[in-house]
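S.K.: Would you mind keeping the following structure in view while I ask a few things?
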Amino acid sequence: MPDSTHDLVLEFALATDPERDASALRVARLLPGFDAQALDSGRCRVRCSLEEAVSLRDVILDLWEQVQARPGAKLFLDSRPLDLDGLRQVLRVMDCAQAYDQEQRGDAHCAPRSGWDWGCLYLADVSPQTGAHGLDRPALKELLAREAEARWLDLCPHFASARVAAKVDGLSDAALNALPKDKEAGGKVLRPGQASPGAGASVSERVIQVTTYADVGGLDEVVAALRETIELPIRHPEVLRRLGVAPHRGVLLHGPPGCGKTLLARAVACESGARFFPVSGPELITKWHGESEERLRELFMQAQEAQPAIIFFDEIDAIAQARSSSESLRLDARFTAQLLTLMDGIYDLGRVFILAATNRPDLLDKALLRPGRFDAVIEIPRPDRVGLKRILEIHARRLPLADGVDLGKVARRMAGLTGADVAYVAREGAYACLRRSMPLGSVLREAEAIPEEALGQLQVTEADLLAALQKLRQRNKVVSQEQDVGDGPPANT
Ligand code: ADP
């Protein structure tokens, strides 16, 4: 072990300028299987066993990182193409197998949440969150087998597919049916832990509503900034490599509640194809009292494993306030210190990005804002007049609007409101239309589906939207009065 029958081939075309190749060639010459003759035909070629590659992992990684973006650069393991993430995964699987051989790790070496999340035990605990539609046992086994192959788990000499199959056979029908369904039956996405039968609540990726930039209104500049800071390094890391700059690791979004911070985070994750790990600040502390730091490490590890990934800390002020000597804040202090350590990239995070949102940036520990941590800080303001109209258009796009509804006119009456308020007005406007057009009792008395003709009567008018706006203002008044009572008598102004 590792199995020397696996063959790794790395190849790239030489540049016309030999200077440009000096560094790559110096590294390539260090590797066994360096083919000096290939240089004559203008190519650099290395063929070595996987065993040799594992023992020279840093050299291989360094070389591939240098040349992977070149036209015609190729990396193959047993004729299967590999990219950088794939190469890292292969090396991890082999390290894990080696540690097992050397009895550094017992049978739990590849168990879920052991920190070595890529073995067969891990896979047996995986539940499909996409493509689980109509899955029966054979289909689930096939899906897991594909996942094993995609993650190169089957390279591990200890990988036991029988164990995975036995786990699937042991699932009750109820557990099988409880697997989340998704309309896309691609079966490509498998995620650890979370919805897995028998798995406890864990920090993990959640299935999120598909969100695109087109769902975000009035924040074009912010969207452009996020595309540059997060989407670009995720989708085209070669561009920043070429520029010789490191990507921002963390982005802090701050601004009033309900203005789209979470929405933006979801949109960036969906559009960049990253796995999304949302965590709410208060939930972290209250749920995990005593084990918060460990859960945080676990979260980072899971994200690293699933990269490219985005970890999103909502209400980060609840967990990372300025550290204080006060007894009551000691937990926060430990937690903040752990977060700082993780963000400092002691662990090579790869393509893991951290997004955080807060309404109170002033409360945050200043150390979080240093370079390499949340070094991009973006304000998400309340929408202006143009933004309000755009947000209203977004939320009204599925409403059956009556002819002549002037959304601009409605939006002009919304000054000072948030995006969440606008979403409320659109939804409540639809209900106002329903109440006006179809008495609830008569709808519910119908045993059959309501005919298309009757549904055609449902048309949301400007008056419906204005009535909803009025309702929102009343609601906001009640809420602010309740807050005044809670906060003591209102100040005399
Ligand atoms: P925050 O995280 O800033 O508190 P959210 O992103 O959770 O706010 O917003 C709540 C909801 O309000 C969103 O799911 C969306 O329906 C609506 N919303 C807020 N801002 C916008 C926006 N700029 N464009 C479109 N919808 C918005």
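S.K.: With respect to Thr16, determine if the residue is surrounded by fewer than 15 Cβ atoms within 10 Å (Cβ to Cβ), among the polar types (S, T, N, Q) and within 24 Å of Arg80 (Cα to Cα).
M.R.: Criteria not met by Thr16.
S.K.: A further question follows. Just for the stretch 400-421: of the residues that are within 14 Å of the ligand (Cβ to nearest atom) and touching a residue at least 60 places away in the same chain (Cβ under 8 Å), which one is surrounded by the fewest Cβ atoms within 10 Å (Cβ to Cβ)?
M.R.: Looking at residues that are within 14 Å of the ligand (Cβ to nearest atom) and touching a residue at least 60 places away in the same chain (Cβ under 8 Å), I get Ala420.
S.K.: Also: Check the stretch 400-414 and report whether any residue there is more than 40 Å from the chain's Cα centre (by Cα), on the phi < 0 side of the Ramachandran plot and not hydrophobic (A, V, I, L, M, F, W, C).
M.R.: Checked the stretch 400-414: at least one residue is more than 40 Å from the chain's Cα centre (by Cα), on the phi < 0 side of the Ramachandran plot and not hydrophobic (A, V, I, L, M, F, W, C).
S.K.: While we're on this one: Name the residue that is farthest from the ligand (Cβ to nearest atom), counting only residues in the stretch 252-279 that are in a strand (DSSP E or B) and within 14 Å of the chain's Cα centre (by Cα).
M.R.: The residue in question is Arg275.
S.K.: Follow-up. From the list Ala426, Ala454, Ala432, which one is within 16 Å of the ligand (Cβ to nearest atom), in contact (Cβ under 8 Å) with a residue 12 or more places away in the chain and not in a loop (DSSP other than H, G, I, E, B)?
M.R.: Just a single option satisfies the conditions, and that option is Ala426.
S.K.: So for the stretch 24-46 (the condition being surrounded by 13 or more Cβ atoms within 10 Å (Cβ to Cβ), in contact (Cβ under 8 Å) with a residue 40 or more places away in the chain and farther than 18 Å from Pro81 by Cα), does at least one residue qualify?
M.R.: yes
S.K.: I've got another one for you. Within the group Arg29, Arg20, Arg57, Arg47, which residue is modelled with pLDDT of 85 or more and closer than 25 Å to Arg242 by Cα?
M.R.: Result of the check over Arg29, Arg20, Arg57, Arg47: Arg29.
S.K.: Also, I was wondering about something else. Mind listing whichever residues of the stretch 274-299 are modelled with pLDDT under 80 and farther than 16 Å from Leu339 by Cα?
M.R.: Narrowing the stretch 274-299 to residues modelled with pLDDT under 80: 280-295.
Of everything in the stretch 274-299, those that are modelled with pLDDT under 80 and farther than 16 Å from Leu339 by Cα turn out to be Thr286, Lys287.
S.K.: Tell me the residue from Leu219, Leu232 that is within 13 Å of the ligand (Cβ to nearest atom), of a type in the set (A, V, I, L, M) and at pLDDT 90 or above, please.
M.R.: Selected residue: Leu219, the only one of Leu219, Leu232 that is within 13 Å of the ligand (Cβ to nearest atom), of a type in the set (A, V, I, L, M) and at pLDDT 90 or above.
Residue-wise test of (1) among the basic types (Lys, Arg); (2) closer than 30 Å to Lys261 by Cβ; (3) within 16 Å of the ligand (Cβ to nearest atom); (4) at pLDDT 90 or above.
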site	(1), (2), (3), (4)
Leu440	no, no, no, no
Leu444	no, no, no, no
Gln459	no, no, no, yes
Asp464	no, yes, no, yes
Gln470	no, yes, no, yes
Asn476	no, yes, yes, no
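Here is a yes/no grid of residues against (1) over 30 Å from Phe335 (Cα atoms); (2) at pLDDT below 95; (3) of a type outside the set (A, V, I, L, M):
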site	(1), (2), (3)
Arg397	yes, yes, yes
Arg412	yes, no, yes
Ala420	yes, no, no
Glu428	yes, no, yes
Arg436	yes, yes, yes
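For (1) within 27 Å of the chain's Cα centre (by Cα); (2) at pLDDT below 75; (3) assigned to a loop (DSSP other than H, G, I, E, B); (4) surrounded by 18 or more Cβ atoms within 10 Å (Cβ to Cβ), each residue gets a yes or a no:
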| site | (1), (2), (3), (4) |
| --- | --- |
| Ala145 | yes, no, no, no |
| Asp154 | yes, no, no, no |
| Phe159 | no, no, yes, yes |
| Arg163 | no, yes, no, no |
| Ala174 | no, yes, no, no |
| Asn177 | yes, yes, no, no |
| Asp182 | yes, yes, yes, no |
| Lys188 | yes, yes, yes, no |
| Gly193 | yes, yes, yes, yes |
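S.K.: Here are the criteria: (1) aliphatic (A, V, I, L, M); (2) touching a strand residue (DSSP E or B) at 6+ places or on another chain (Cβ under 8 Å); (3) exposed (fewer than 14 other Cβ atoms within 10 Å of the Cβ). Tell me which single one Ala430 does not satisfy.
M.R.: Every condition holds for Ala430 apart from (3).
The values are calculated or read from the model by the stated rules, or taken from the named source; none is laboratory data. It should be emphasised that the depicted structure is a prediction, and the values quoted were computed from it without experimental measurement. FYI the Cβ positions are ideal-geometry reconstructions off the backbone, even for glycines, and counts take in every protein chain you see.
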